[in-house]
Amino acid sequence: MNQYIGQLLDGRYELLEVIGTGGMAVVYKARCHRLNRLVAVKVLKDEFSADEDFLRRFRAEGEAVAMLSHPNIVQVFDVSASEDANYIVMELIDGISLKQYMEVKGILNWKETLHFATQIAKGLEHAHSRGIVHRDIKPHNVMVLKNGSVKVMDFGIAQVMNKSNTLTKEALGSVHYISPEQAKGSFTDSRSDIYSLGVVMFEMMTGRPPYDGDSPVAVAIQHINGGAPRPTSLNPNIPVGMEQIIMKAMALEPKDRYSSATELLSDLEEFRKNPALTFDYHVPVGDDTKIITPISTKPKTTAERVAQAKGGVKSNGRSSQTGAVPVRQTGRVSSQTGRNPEALARARKRREEEARRDAQRSRTAAIAVVSCSVVAIIAIVVFLAAIFNGFILNEDKGRVEVPYLTGSMYNEDFDSRYPNFTIRLRPQQYDDFYVAGQIMHQEPAGGLMVAKGTELYLTISMGQEPNVKLMEDLVGITQDRATSFLMGQGLKPLVREEASDDYPAGYVVRTDPVAGAELSDGQTVRLFVSTGPSTVTGKMPNLLGATKERALENLEQWGFQNVTITGVYSSEEKGRVVSQSEAAGTVLDVNTHITLEVSEGQEIETAVMPDVMKLDSATAIQALKSRGFTTIETYEVKSDQPAGVVVHQSETAGSVVALSKEILLGVSNGADYKSDSATAPTQAAASGTPQAETVIFNVPVRTEAYKLIICRKGQADQQVASGTINPGDFTFTVALTGSGEQEYDLYIDGQYYQSMKVTFKNG
């Protein structure tokens with residue numbers, strides 16, 4: 001299979017190296033070029049590609065796991081059967097198997113065992129809720145990640161519950177962990193997985209599985225017979241409660257086990273909370289049933305009460321010695337004081353006679369048990385030999401045994417598999433218990449001895465009667481919306497990806513079945529989701545530190561045209577790329593949107609430029625400095641404005657300007673200024689009338705414009721000035737006439753704000 005290394009399956013998955021080999025498949029580390037991620041690809045071995053049974057089991061694994069989504073179950077991304085190979089694409093697990101972990105660590109303590117068992121049980125709980133039985137739970141199929149979490153993998157022989165799993169030529173599952181019913185080829189359900197998990201827990205806490213032998217058949221027989229040793233006999237440090245959980249999970253009869261993984265998880269959680277906890281379980285151990293937990297049994301007779309008082313047997317059924325199994329009290333308990341010697345002799349003789357009869361009965365029972373055991377073992381060996389070698393005995397003297405077919409999946413080769421019978425099919429029927437294709441009834445019944453050539457009538461299930469619904473048109477909506485809709489309808493979405501020039505990545509391109517098709521409950525619907533246009537890909541270059549111009553040139557060389565440049569403050573030199581939206585080396589569709597952040601240098605403080613036009617230069621400079629501007633220069637300008645008035649500013653009023661930037665003010669020299677009232681000031685001064693002066697009021701800065709009114713102090717009706725203050729303004733300039741020190745009241749939107757004093761230079 002190493003010939004696959006370097007190949008590109010379906011133009012997408014590049015196989016890099018072998019990371020595992022199993023009986024029917026090889027697992028490769030691979031790279032998905034479409035999504036640029038590492039994955040694990042499980043490829044069916046070439047020698048099995050033409051074997052329909054192996055193909056069926058291999059595809060069943062992919063379909064089974066594709067139905068599951070749980071943190072403790074390995075995730076399946078894709079399943080494909082192509083001319084190249086039959087393969088399953090899964091998440092790549094960075095870890096080791098639980099078997100490898102146990103080989104390194106040896107016997108695990110109860111905390112580690114509880115930790116791993118709980119996670120495995122949670123994964124099984126999810127699988128069972130979806131109707132999937134794993135059937136091959138073992139340490140080899142549990143991966144331990146670096147963070148201590150585990151994932152159940154290898155659903156190669158998993159099946160949907162209620163489907164046939166009768167063994168033919170091989171016993172499915174690993175023999176050291178196989179359930180008794182699975183070893184016998186009987187019907188299995190979720191309790192088979194619970195048994196196997198119990199065996200795994202046994203091995204974690206003792207360092208060995210409960211059964212071993214010289215051959216798989218020998219081990220399987222032990223599972224069928226039962227009688228596993230108590231874990232504490234191999235490791236006395238195991239808490240009683242943990243042993244009880246293990247033994248109940250490994251109960252010989254499915255009815256005696258935990259009914260579900262949920263029930264098992266409940267006990268594991270209770271034990272975690274209280275490691276000293278014990279459970280009221282009666283569990284078969286070896287040849288007899290022993291009570292391994294405290295059971296409330298009050299003494300019923302006087303003899304029992306006396307025995308309890310003298311022998312130390314407590315009312316809870318346990319000996320006063322910790323861990324002792326209660327012993328049944330026989331005969332009578334009496335004191336030797338006050339008894340007649342003849343009575344004592346008669347009693348002694350009676351006890352001896354009873355003991356002799358008991359011994360005779362025990363020998364007879366033992367012979368019967370041994371005889372039955374021998375017969376049972378012979379029957380089991382014959383049964384297993386029939387299973388493992390693919391034949392059934394009892395075909396002698398023209399009579400044959402009717403096979404047990406109820407629950408099996410019907411296929412067209414039944415005629416050839418059962419040549420001693422004439423197979424007849426009766427009309428198919430809907431059934432809530434048996435799935436489609438499963439034999440729900442046979443006549444005659446299995447186990448009967450009949451003549452060769454007898455007609456065997458089979459009724460095949462069509463599954464549950466479908467609740468007919470029509471497939472909705474999901475083309476053109478997102479994958480998340482489509483999957484949510486299907487799950488809400490009781491359907492099973494299965495996502496497949498493909499390139500599309502018509503729909504953007506993440507949108508449904510087509511469905512199978514198509515819109516309008518009839519659907520039944522639980523039916524799988526394939527969603528083909530767009531990965532984007534089927535265009536050329538390019539490799540993202542490393543642009544960090546490059547100039548903006550060089551970065552754009554480099555991207556263009558690789559075919560990337562959809563580029564956005566964003567300026568950011570940075571310690572990096574201005575104009576250099578400080579970040580890129582896609583990692584260097586990533587293979588991307590050339591239509592991928594690329595965002596580059598380019599340095600604008602160190603972050604600087606800014607302010608809004610005020611309007612200082614027509615203010616005298618001193619007032620203008622004061623206004624700029626109050627805003628935080630530090631570098632202000634003036635220059636003379638020939639103007640028709642009065643001398644000293646600002647007639648030009650280098651930055652537009654209202655613009656955001658760096659405080660460190662130099663502000664230039666052009667100031668009129670008054671060379672072209674002409675006034676019709678040139679003598680007015682002199683005349684005004686001569687007459688003693690004060691001249692108007694420019695007054696600057698400091699006002700609050702707000703985000704919205706407001707109305708300002710200035711009145712003489714205490715005289716709201718004596719308005720001297722008013723105006724609108726725009727957002728961001730902090731001064732109000734007005735020409736006022738006065739002398740000496742005058743006080744004014746400021747009103748904002750009709751409400752009194754504060755009073756301000758003004759000292760006039762004139763007068």
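The values are calculated or read from the model by the stated rules, or taken from the named source; none is laboratory data. These numbers were taken from a predicted model, which means no experiment stands behind them. A quick note on method: Cβ atoms are made from the backbone with ideal geometry, for glycine too, and the neighbour counts reach across all protein chains shown.
Among the residues of the stretch 530-540, those that are farther than 15 Å from Leu494 by Cα and either of a type in the set (Gly, Ala, Ser) or surrounded by fewer than 16 Cβ atoms within 10 Å (Cβ to Cβ) (or both) comprise Gly532, Ser534, Thr535, Val536, Gly538, Lys539. Among the residues making up the stretch 497-554, those that are in a strand (DSSP E or B) and β-branched (Val, Ile, Thr) are Val508, Val509, Thr511, Thr524, Val525, Val529, Thr537, Thr547. The number of residues in the stretch 635-665 that are in a strand (DSSP E or B) and within 59 Å of the chain's Cα centre (by Cα) comes to 3. For first residues located in the stretch 537-555 and assigned by TED's automatic domain parsing to the domain that holds Leu588 and touching a residue at least 12 places away in the same chain (Cβ under 8 Å), partners that are among the polar types (S, T, N, Q) and in a strand (DSSP E or B) and lie 6+ apart or on another chain with Cβ distances below 6 Å form the pairs Leu543/Gln580.
Per the conditions (1) touching a strand residue (DSSP E or B) at 6+ places or on another chain (Cβ under 8 Å); (2) at pLDDT below 90, the sole criterion not satisfied by Ser129 is (1). Just one of (1) at positive phi; (2) surrounded by 15 or more Cβ atoms within 10 Å (Cβ to Cβ) fails for Gly490. It is (2). Working carefully through the options Val612, Val568, find the one that is surrounded by 17 or more Cβ atoms within 10 Å (Cβ to Cβ) and either more than 60 Å from the chain's Cα centre (by Cα) or at pLDDT 85 or above (or both). Going through Val612, Val568 in turn, just one is surrounded by 17 or more Cβ atoms within 10 Å (Cβ to Cβ) and either more than 60 Å from the chain's Cα centre (by Cα) or at pLDDT 85 or above (or both): Val612. Taking the condition surrounded by 15 or more Cβ atoms within 10 Å (Cβ to Cβ), modelled with pLDDT of 85 or more and under 17 Å from Asp616 (Cβ atoms), does Val657 pass? Answer is no for this residue. Exactly one residue among Thr478, Thr483 is of a type in the set (S, T, N, Q), touching a residue at least 12 places away in the same chain (Cβ under 8 Å) and crowded, with 18+ Cβ neighbours inside 10 Å, and that residue is Thr483.
One line per residue, one yes/no per condition, for (1) modelled with pLDDT of 85 or more; (2) not charged (D, E, K, R):
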site: Asp432; (1), (2): no, no
site: Gln442; (1), (2): no, yes
site: Leu448; (1), (2): no, yes
site: Ala451; (1), (2): yes, yes
site: Thr454; (1), (2): yes, yes
site: Thr459; (1), (2): yes, yes
site: Gly463; (1), (2): no, yes
site: Pro466; (1), (2): no, yes
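Scanning the stretch 476-493 turns up at least one residue that is under 22 Å from Leu68 (Cα atoms) and in contact with a helix residue (DSSP H, G or I) (Cβ under 8 Å, 6 or more places away or on another chain).
Pairs linking a residue in the stretch 148-161 that is at pLDDT below 55 and part of a strand (DSSP E or B) to a residue that is buried (at least 22 other Cβ atoms within 10 Å of the Cβ) and aliphatic (A, V, I, L, M), with Cβ atoms under 9 Å and 6 or more positions apart or on different chains, are Gln159/Ala64; Gln159/Ile132; Gln159/Val133; Val160/Ala64; Val160/Ile132; Val160/Val133. The residue of the stretch 177-188 that is surrounded by the fewest Cβ atoms within 10 Å (Cβ to Cβ), among those that are at pLDDT 90 or above and more than 31 Å from the chain's Cα centre (by Cα), is Glu181.
Just so you know, in the stretch 712-763 the residues that are of a type in the set (A, V, I, L, M, F, W, C) and either over 29 Å from Val608 (Cβ atoms) or in a loop (DSSP other than H, G, I, E, B) (or both) include one that is modelled with the lowest pLDDT, and it is Phe730.
The residue that is modelled with the lowest pLDDT, among those in the stretch 526-550 that are of a type in the set (Ser, Thr, Tyr) and more than 16 Å from Val578 (Cβ to Cβ), is Thr535. Looking across the stretch 1-25 at every residue that is more than 26 Å from the chain's Cα centre (by Cα) and of a type in the set (Val, Ile, Thr), the one that is farthest from Gly585 (Cα to Cα) is identified as Thr21. For the stretch 407-423, a residue qualifies if it is over 21 Å from Arg56 (Cα atoms) and in contact (Cβ under 8 Å) with a residue 24 or more places away in the chain, and the qualifying residues are Tyr418, Asn420, Phe421, Thr422, Ile423. Given the criterion surrounded by 15 or more Cβ atoms within 10 Å (Cβ to Cβ), of a type outside the set (Lys, Arg), touching a helix residue (DSSP H, G or I) at 6+ places or on another chain (Cβ under 6 Å) and over 20 Å from Ile594 (Cα atoms), identify the matching residue among Leu543, Leu527. None of the other options fit; the residue is Leu527. Beta carbons closer than 6 Å, at least 6 apart along the sequence or on distinct chains, pair a first residue in the stretch 624-645 that is outside the structural domain of Val701 (by TED's automatic domain parsing) and under 21 Å from Thr731 (Cβ atoms) with a second that is at pLDDT 90 or above and part of a loop (DSSP other than H, G, I, E, B) for Thr631/Glu662. Output the residue which, of all residues in the stretch 497-523 that are surrounded by 15 or more Cβ atoms within 10 Å (Cβ to Cβ) and under 25 Å from the mean Cα position of the chain (by Cα), is farthest from Leu35 (Cα to Cα). Ranking the qualifying residues of the stretch 497-523, first place goes to Gln523.
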